[in-house]
């Protein structure tokens, strides 16, 4: 019986093959999330998007996870129904949302395809193209965030007590390669293909492939569950109960790591969405070159996150690493706002900082929270994170329009004017400062709570 149980989870080849498979699902997610950022100029030229329109489009991703609390419900559903059914549902929603978004940009829709008249019949201040793409972005966000929660639980399931931080690091690194590819290739594809919107269709196709990859994973998941049941490893007391939520939200360490998650990601992801346009306006680069520079963040993350995870597995210091990464984010945004330091250097440094905090943060949650609550814990973190991912892209757009009066998308497209991003970047620097504060509070609380975040991953997170 022990031999059967060890044949999957304890087999390194199987364990790491599973990681690559589910990391591809997240990489496809990230590719689609970022694929339209380097296409902002195309949206301005063809659909007359303003900065506020684009910020609204980016923010629509997070609406279901804030106002419907979908990440929290998704985490609870995950802990109750398991990985296979929950994962399939939300990866399917993610793929469907991508297809709707691509349809909203297509010539077929723009020329009066199904739904165009309906979308034009209300809220006339917003174009039918924007409204259909907002619907797609909403559906994509409805599935995408909970799918990441599912993948995070998969990693804990297969790697807890083993190379957990390294596994999270490799998963994040592979996933960030999707972001790199989006920024690097999306504007090039838009110019090379017969119509620029085909670049969005190709991004949606990747999510169909991700759905197929998840279906392949479910076969391995079913097998390992059978082995655990045979070994009596799943008992009634291990199942999630609603009262477990109270213990979760009253845990000070969990509160601090969740607030760090929100402020840290809000200082990076919204910036990344606007980064190609920032480089285009600040430095005068072409859309293709701006996209390639923005992709350097993901290159740095893909390289350094696995290394950071390896360091944490062997040496620990998770809380210290989170403090250092948060301090770097603050300094980098101040440099973007007030200096003309090479964007190549700053984006690579931002990638390193963006490697350090996630590589330390996500494995730390597995020390702070019991495994039976891990889906709900990650879901709650993603829900709070999405509050920032909803608010700050929209705020960046509003700040840009408010601090650049009289400048229109047509003027920027013609090269007769450019947007000043200073105040928008300083707002993100303020988030970096808050993230640093929460990281320091988490490190101080760890000395009291005894979760041992400063110890290597293999050492128990049980309180002293």
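Could you tell me which of the residues 437, 389, 394, 400 is within 30 Å of residue 52 (Cβ to Cβ) and without any contact (Cβ under 8 Å) to a residue 60 or more places away in the chain?
On the way: 389 fails: without any contact (Cβ under 8 Å) to a residue 60 or more places away in the chain; 394 fails: without any contact (Cβ under 8 Å) to a residue 60 or more places away in the chain; 400 fails: without any contact (Cβ under 8 Å) to a residue 60 or more places away in the chain.
Result of the check over 437, 389, 394, 400: 437.
With 140, 54, 122, 90 as the choices, which residue is surrounded by fewer than 18 Cβ atoms within 10 Å (Cβ to Cβ) and on the phi < 0 side of the Ramachandran plot? Walk me through how you get there before you give the answer.
On the way: 140 fails: surrounded by fewer than 18 Cβ atoms within 10 Å (Cβ to Cβ); 54 fails: surrounded by fewer than 18 Cβ atoms within 10 Å (Cβ to Cβ); 90 fails: surrounded by fewer than 18 Cβ atoms within 10 Å (Cβ to Cβ).
Answer to the selection: 122.
Of all the numbered requirements in (1) over 29 Å from residue 282 (Cβ atoms); (2) touching a residue at least 24 places away in the same chain (Cβ under 8 Å); (3) surrounded by fewer than 18 Cβ atoms within 10 Å (Cβ to Cβ), residue 377 misses one, and that requirement is (3). Residues in the range 442-457 that are in contact with a helix residue (DSSP H, G or I) (Cβ under 6 Å, 6 or more places away or on another chain) and part of a helix (DSSP H, G or I): 442, 443, 445, 446, 449.
Yes/no per residue for (1) in contact with a strand residue (DSSP E or B) (Cβ under 7 Å, 6 or more places away or on another chain); (2) modelled with pLDDT of 85 or more; (3) not in a helix (DSSP H, G or I):
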| residue | (1), (2), (3) |
| --- | --- |
| 148 | no, yes, no |
| 165 | no, no, no |
| 185 | no, yes, no |
| 196 | no, yes, yes |
| 204 | no, yes, no |
| 208 | no, yes, no |
| 219 | no, yes, no |
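Just to be sure before I move on: is residue 72 modelled with pLDDT under 80, buried (at least 20 other Cβ atoms within 10 Å of the Cβ) and more than 19 Å from the chain's Cα centre (by Cα) in the structure I sent?
Working: modelled with pLDDT under 80: yes; buried (at least 20 other Cβ atoms within 10 Å of the Cβ): yes; more than 19 Å from the chain's Cα centre (by Cα): no.
Against the criterion (modelled with pLDDT under 80, buried (at least 20 other Cβ atoms within 10 Å of the Cβ) and more than 19 Å from the chain's Cα centre (by Cα)), residue 72 does not qualify.
The values are calculated or read from the model by the stated rules, or taken from the named source; none is laboratory data. This one's a predicted model, so the numbers in the text were calculated from it and none came from an experiment. Virtual Cβ from ideal backbone geometry, glycine too; neighbours counted across all protein chains shown.
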